[in-house]
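To start, the structure itself, in structure tokens.
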Amino acid sequence: MRTKTAMLALVTIAASALPLGAAQAQAKIGVVNVARLLQEAPQAQAASQSLEGEFANRKRELQTLERDLKTREEKLQKDGATMAEAERRNQEKTLRDAQRDFARKQNEFMEDLNVRRNEALGQLQRTVLQEVQTYAKSAGLDLVVADALYASTSVDITQQVLSALQAKGKAPAPAKP
């Protein structure tokens, strides 16, 4: 029994005296602010402009249709008292149908815009992730943490990654469906 205890103590002392390679190796860590990259990257601005251009005509059409509906509604309210009952009901029905059509078109527009925005955001996220990985490998980093609660400026690599994204310039616009 005494021999086992002595042997265990000897093994414990020997193990604690040996340097552990993994424990003594200093890991190189980088921290990146993903939200800042997604906001400031030129690829983000290019994607935003592309979406605006892609949906500008439909947006203008909806705005024109909305103005027309308001004008028709005001005219009906103003002239409704002097119209014949059948004509007023007919005008009200036509206006309601046009308002439903407008609401449908507006919903379709928003759905299409959201789908395209999500596609563009996904592509931008892939580009940013790829650039972070490329930078981390070239800088010899062992670990990159996204959006840490606190990080000193010595480990923050956001600006370097942003500079690399800016050097690559605007990414090609995503293909239109």
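Tabulated data for the structure shown
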{"item": "Förster radius 41 Å - calculated FRET efficiency between GLN77 and GLU119, Cβ distance, rounded to 0.05", "result": "0.45"}
{"item": "Shape category assigned to segment 27-168 from the gyration tensor of Cα positions, a/c cut at 1.5", "result": "prolate"}
{"item": "FRET efficiency, 1/(1 + (r/R0)^6) with R0 41 Å, evaluated for SER152 and LYS105 via beta carbons", "result": "0.20"}
{"item": "Calculated FRET efficiency for the pair GLU61/THR94, C-beta based, R₀ 22 Å, to 0.05", "result": "0.70"}
{"item": "Lysine pair count for segment 27-168 [Cα-Cα under 25 Å; pairs on different chains or 8 or more apart]", "result": "12"}
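Quick note: the coordinates plus some simple rules give every number you see, no bench work behind them. The structure presented is a predicted model; accordingly, all values stated were derived computationally and were not measured. All Cβ positions, even for glycine, are placed from backbone atoms using ideal geometry, and neighbour counts span all protein chains on display.
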